[in-house]
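Peer 1: Before anything else, here's the structure in question.
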Amino acid sequence: NAGVTQTPKFRVLKTGQSMTLLCAQDMNHEYMYWYRQDPGMGLRLIHYSVGEGTTAKGEVPDGYNVSRLKKQNFLLGLESAAPSQTSVYFCASSTYRQARNTIYFGEGSWLTVV
Amino acid sequence: SQQGEEDPQALSIQEGENATMNCSYKTSINNLQWYRQNSGRGLVHLILIRSNEREKHSGRLRVTLDTSKKSSSLLITASRAADTASYFCATDEDTGGFKTIFGAGTRLFVKA
């Protein structure tokens, strides 16, 4: 049982390049999330999904796109990377039942945009 | 703006001492959770307290919730060097939705 797996773990991009972060969960969770973590800012929600084929914007969605073609996968895309997108990205998943929403996190993806 | 905000931002204590971290939030919530993050790792869930609960225990952890003051505290008793980590509170807004909002965290350093 791997939980939530993110790839790649580290990546350096040049400004304007595109890339996709991959997230997979093996817990059959309905909900999946992408957060970014910056120093002193906590975690900010980028996009989330409440089920296969659905996505929604979080707090900081600009510059990112997502897709949930399969229940177990949630992809985060950067179409034209900017230095402001240098951050640590965390994928997470959960099952939401009766107001209990324990979130399970991946180990993070460190992205640097130069 | 962030829903949950932790206080203090950083805390340094000796092994064996108790560590207390506080969290304040702004809107009505369904529940409040505490997470731990070791350096360079993902967040790990510690404990969840519902809006109709006032106190909860899990091992050396004690969480209180005061909905009238919109605040929560996390107490770690008899701290150990291995407790060194960042601790985050997270709240689920009571809007019929499910978004979980995290605070900026408290960095705890336990000296051996």
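Peer 1: Which residue, of B:31, B:52, is assigned to a loop (DSSP other than H, G, I, E, B) and among the polar types (S, T, N, Q)?
Peer 2: It is B:52.
Peer 1: In the set B:50, B:36, B:60, B:41, which member is at pLDDT below 95, within 23 Å of residue B:112 (Cβ to Cβ) and either touching a Gly at 6+ places or on another chain (Cβ under 6 Å) or basic (Lys, Arg) (or both)?
Peer 2: Numbers: B:50 fails: within 23 Å of residue B:112 (Cβ to Cβ); B:36 fails: at pLDDT below 95; B:60 fails: at pLDDT below 95.
Matching residue, one of B:50, B:36, B:60, B:41: B:41.
Peer 1: Within region B:1-18, how many residues turn out to be modelled with pLDDT of 90 or more, small (Gly, Ala, Ser) and either over 18 Å from the mean Cα position of the chain (by Cα) or surrounded by 12 or more Cβ atoms within 10 Å (Cβ to Cβ) (or both)?
Peer 2: Within region B:1-18, residues that are modelled with pLDDT of 90 or more, small (Gly, Ala, Ser) and either over 18 Å from the mean Cα position of the chain (by Cα) or surrounded by 12 or more Cβ atoms within 10 Å (Cβ to Cβ) (or both) number 2.
Peer 1: Further question: Taking the conditions exactly as written (over 20 Å from residue B:91 (Cβ atoms), more than 13 Å from chain B (Cβ to nearest Cβ), touching a Gly at 6+ places or on another chain (Cβ under 9 Å) and surrounded by 14 or more Cβ atoms within 10 Å (Cβ to Cβ)), does residue A:85 satisfy them or not?
Peer 2: On the way: over 20 Å from residue B:91 (Cβ atoms): yes; more than 13 Å from chain B (Cβ to nearest Cβ): yes; touching a Gly at 6+ places or on another chain (Cβ under 9 Å): yes; surrounded by 14 or more Cβ atoms within 10 Å (Cβ to Cβ): yes.
Criteria met by residue A:85.
Peer 1: Name the residues in region B:74-112 that are modelled with pLDDT under 85 and aliphatic (A, V, I, L, M), would you?
Peer 2: Let us first name the residues in region B:74-112 that are modelled with pLDDT under 85, namely B:92-101.
Across region B:74-112, the qualifying residue is only B:101.
Peer 1: Can you spot a residue in region B:70-83 that is under 15 Å from residue B:22 (Cα atoms), surrounded by 18 or more Cβ atoms within 10 Å (Cβ to Cβ), within 14 Å of chain A (Cβ to nearest Cβ) and touching a residue at least 12 places away in the same chain (Cβ under 8 Å)?
Peer 2: For region B:70-83, residues under 15 Å from residue B:22 (Cα atoms), surrounded by 18 or more Cβ atoms within 10 Å (Cβ to Cβ), within 14 Å of chain A (Cβ to nearest Cβ) and touching a residue at least 12 places away in the same chain (Cβ under 8 Å): absent.
Peer 1: Suppose we keep only residues that are among the aliphatic types (A, V, I, L, M) and crowded, with 20+ Cβ neighbours inside 10 Å within region A:88-103. Which one would you say is farthest from the other protein chains (Cβ to nearest Cβ)?
Peer 2: Of region A:88-103, the ones among the aliphatic types (A, V, I, L, M) are A:88, A:92, A:99, A:103.
Next cut, crowded, with 20+ Cβ neighbours inside 10 Å only: A:92, A:103.
Values: A:92: 8, A:103: 6 Å.
So, considering only residues that are among the aliphatic types (A, V, I, L, M) and crowded, with 20+ Cβ neighbours inside 10 Å, the one farthest from the other protein chains (Cβ to nearest Cβ) is A:92.
Peer 1: Just to be sure, is residue A:66 of a type in the set (Val, Ile, Thr) and either touching a strand residue (DSSP E or B) at 6+ places or on another chain (Cβ under 6 Å) or under 18 Å from residue B:90 (Cβ atoms) (or both)?
Peer 2: Numbers: of a type in the set (Val, Ile, Thr): yes; either touching a strand residue (DSSP E or B) at 6+ places or on another chain (Cβ under 6 Å) or under 18 Å from residue B:90 (Cβ atoms) (or both): yes.
Criteria met by residue A:66.
Peer 1: Which residue is farthest from the other protein chains (Cβ to nearest Cβ), if the candidates are limited to region A:19-29 and must be touching a Gly at 6+ places or on another chain (Cβ under 9 Å) and in a loop (DSSP other than H, G, I, E, B)?
Peer 2: Looking at residues that are touching a Gly at 6+ places or on another chain (Cβ under 9 Å) and in a loop (DSSP other than H, G, I, E, B), I get A:26.
Peer 1: Yes or no: residue A:32 outside any loop (DSSP other than H, G, I, E, B), under 26 Å from residue B:32 (Cβ atoms) and among the aliphatic types (A, V, I, L, M)? Can you show your working first?
Peer 2: Numbers: outside any loop (DSSP other than H, G, I, E, B): yes; under 26 Å from residue B:32 (Cβ atoms): yes; among the aliphatic types (A, V, I, L, M): yes.
Against the criterion (outside any loop (DSSP other than H, G, I, E, B), under 26 Å from residue B:32 (Cβ atoms) and among the aliphatic types (A, V, I, L, M)), residue A:32 qualifies.
Peer 1: Scan A:16, A:106, A:53, A:40 and give me the residue that is on the phi > 0 side of the Ramachandran plot and within 12 Å of chain B (Cβ to nearest Cβ). First the steps, then the outcome.
Peer 2: Numbers: A:16 fails: within 12 Å of chain B (Cβ to nearest Cβ); A:106 fails: on the phi > 0 side of the Ramachandran plot; A:53 fails: within 12 Å of chain B (Cβ to nearest Cβ).
Selected residue: A:40, the only one of A:16, A:106, A:53, A:40 that is on the phi > 0 side of the Ramachandran plot and within 12 Å of chain B (Cβ to nearest Cβ).
Peer 1: In addition: Can you tell me which of B:78, B:82 is among the aliphatic types (A, V, I, L, M) and part of a loop (DSSP other than H, G, I, E, B)?
Peer 2: Working: B:82 fails: part of a loop (DSSP other than H, G, I, E, B).
After applying the criteria, what remains is B:78.
Peer 1: Just to be sure I understand, how many residues within region A:38-82 are within 16 Å of residue A:93 (Cα to Cα) and either among the charged types (D, E, K, R) or not in a loop (DSSP other than H, G, I, E, B) (or both)?
Peer 2: Residues of region A:38-82 that are within 16 Å of residue A:93 (Cα to Cα), as a first pass: A:43-58, A:66-76.
In the following step, the residues that additionally are either among the charged types (D, E, K, R) or not in a loop (DSSP other than H, G, I, E, B) (or both) were identified as A:43-49, A:52, A:56-57, A:66-68, A:70-71, A:73-76.
Number of matching residues: 19.
The values are calculated or read from the model by the stated rules, or taken from the named source; none is laboratory data. Worth saying up front: this structure is predicted, and the values here are computed from it rather than measured. Because the Cβ atoms are built from the backbone with ideal geometry, glycine has one as well, and the counts that use them run over all protein chains shown.
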